[in-house]
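Below is one structure, written out as structure tokens; comments come after it.
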Amino acid sequence: MATLIHTLADHSDDVNCCAFSSSCLATCSLDKTIRVYSLSNFAELPYSPLEGHRYPVHCCCFSPSGRVLASCSTDGTTALWDSRDGRRLAVLQQPGASPVRVCRFSPEPACLLAGAADGSVVLWNVQSLKLYRSGKVKDGSLMACAFSPNGNFFVTGSSSGDLTIWDDKMRCLYNEKAHDLGVTCCDISSHPVSDSENGFKYFQMASCGQDNQIKLWLILFADFIGVQLKYKCTLNGHSAPVLACAFSCDGQMIVSGSVDKCVIIYETSTGNILHTLSQHTRYVTTCAFAPHGPLLATGSMDKTVRIWQLDRKQPCAGDTVENASKVAVEDWSEDDVSAWLCAQDLSGFVGLFKMNNIDGKELLNLTKESLANELKIESLGLRSKVLQKIEELRMTLISVSVPDEFLCPITRELMNDPVIAADGYSYEREAMENWISNRRTSPMTNLPLHSLMLTPNRTLKMAIRRWLETQQK
């Protein structure tokens, strides 16, 4: 079961990244700040927020010891901070001053990788603060990177869809076209997988992209054979581009976040969905497991970071709502409703709902009166919470039936006045106008918009109108 235990709402704009150390959680945002919280009580540390970047902060990460925090920004720099007192230790300028999209520390030795929108890849020596090596991806912007647990190699992902494997000397060892519409994130598990046939140990990697998919890969890295990248499987669960993915510390789970506003947790060995979390109200842009302990952080364009506690030892009524989601809600069994209650952090009502034989049809018909008079839920706050979740479920049913091309990529709501932006995508006019009033990048690709002109999409508007007319018949 995944239980929401805390919500952080201190950022004033989209949350782009979150990262754990053994004692802290760092978050960064379009609001140009990095915030740092204690894991003991999720209180913001006295020196937070960290300010110094002139433009949005895209990524943050802790060094292996947790004593140094790195952040990178559209301003073309990667900053190093002392995580104990918030002092800024260094500002590393990306060659060419291109916006830096992603940064990662190597496990050993002390190197920091920074990747930028122009495709440049730089390794910094953290001790000397000197540029150690540099390279460039073949095409596109660099959007993702991950180190192997031993630091012998790292992987980068680009907006062109390529995954590239590099050794620690910045030599390009392998390149694979992985996601047709662009890679958005990648991660490598700290737990290798043994191959019983030849005795090799493979590194597990996950990648995700604009094609709505998460792909699992096996990487073999050995001096005598070089590098092998083997495709393992594709995890399908999201209905829109997947923006983030990460392995749990034991390698047994993978979490992902998407434009569809959902967070999905998969079991690595089987690919089965364990949990679907739908509390965020905008795109989910980042997700991270704590290095020790059952904590998960997810961040979103809704300006919040949500902290979840995972308990895999005590599953509740089928453990997940995914089995229920395979059938229409009105056809849910009582067990399906119990699974849904658990997924919505309402497990305390499982016994009550079962005692009253609440199935899917009964669930959708519940009102504040029936909750109070028939189910005898005395607390107004608890009744309101249950009703809110039921209303969210009803809205989900409505949105599921809407063709995806009719939904605004920003709000994920049915468009009323669709317009075409310079990136070729269609958006709700008001949502896109609000977007470009604060930034000049594409909501779908994060690349700069060469023009801010919005052109009415009359064909799409007419198609939406015809579809609405068919729904009213």
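Below, the figures for the structure above:
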{"item": "Residue ranges of helices (runs of 4 or more DSSP H) in the stretch 330-417 with at least 2 members of a type in the set (A, V, I, L, M, F, W, C) and free of Cβ contacts under 8 Å to residues at least 24 places away in the same chain", "result": "350-355, 368-373, 380-401"}
{"item": "Residue within the stretch 194-208 that is in the same structural domain as Ser106 (by the TED database), under 25 Å from Cys17 (Cβ atoms) and part of a loop (DSSP other than H, G, I, E, B) present", "result": "no"}
{"item": "Condition met for Val259 (β-branched (Val, Ile, Thr) and within 13 Å of the chain's Cα centre (by Cα))", "result": "yes"}
{"item": "Selected residue (criterion: surrounded by the fewest Cβ atoms within 10 Å (Cβ to Cβ)) from residues of the stretch 237-283 that are closer than 18 Å to Val402 by Cα and among the charged types (D, E, K, R)", "result": "Arg282"}
{"item": "Single residue of the stretch 438-469 satisfying the filter (under 18 Å from Arg282 (Cα atoms) and not charged (D, E, K, R)) that is farthest from the chain's Cα centre (by Cα)", "result": "Asn438"}
{"item": "Answer residue from the stretch 22-77, given it is closer than 20 Å to Pro95 by Cβ and among the charged types (D, E, K, R) and is least open to solvent (accessible area, probe 1.4 Å) among those", "result": "Asp75"}
{"item": "Matching option when the condition is at pLDDT below 95, under 24 Å from Asp211 (Cα atoms) and either outside the structural domain of Leu25 (by the TED database) or not hydroxyl-bearing (Ser, Thr, Tyr) (or both), among Val137, Val126", "result": "Val137"}
{"item": "Residues of the stretch 176-195 satisfying the condition of being more than 16 Å from the chain's Cα centre (by Cα), of a type in the set (A, V, I, L, M) and modelled with pLDDT of 85 or more", "result": "Ala178, Leu181"}
{"item": "Ala339 vs. criteria within 13 Å of Cys262 (Cα to Cα) and at pLDDT below 90", "result": "no"}
{"item": "Yes/no for Ile214 being open to solvent by 10 Å² or more (accessible area, probe 1.4 Å), under 19 Å from the mean Cα position of the chain (by Cα), modelled with pLDDT of 90 or more and of a type in the set (A, V, I, L, M, F, W, C)", "result": "no"}
{"item": "Qualifying residues in the stretch 291-329 (those that are aliphatic (A, V, I, L, M) and assigned to a loop (DSSP other than H, G, I, E, B)) - the one modelled with the lowest pLDDT", "result": "Ala317"}
{"item": "Residues of the stretch 86-101 that turn out to be surrounded by 17 or more Cβ atoms within 10 Å (Cβ to Cβ) and of a type outside the set (A, V, I, L, M, F, W, C), as a count", "result": "5"}
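A quick yes/no check of all residues on (1) within 18 Å of the chain's Cα centre (by Cα); (2) of a type outside the set (Ser, Thr, Tyr); (3) at pLDDT 95 or above:
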{"position": "Thr7", "(1), (2), (3)": "yes, no, no"}
{"position": "Ile34", "(1), (2), (3)": "yes, yes, yes"}
{"position": "Cys72", "(1), (2), (3)": "yes, yes, yes"}
{"position": "Leu80", "(1), (2), (3)": "no, yes, yes"}
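The values are calculated or read from the model by the stated rules, or taken from the named source; none is laboratory data. In this text, all values refer to a predicted model and were calculated from it rather than measured experimentally. Glycine gets a Cβ as well: all are built from the backbone with ideal geometry, and neighbour counts include every protein chain shown. Areas reflect the complete protein model, heavy atoms only, side chains present, ligands, DNA and RNA absent. Shrake-Rupley method; radii C 1.70, N 1.55, O 1.52, S 1.80 Å.
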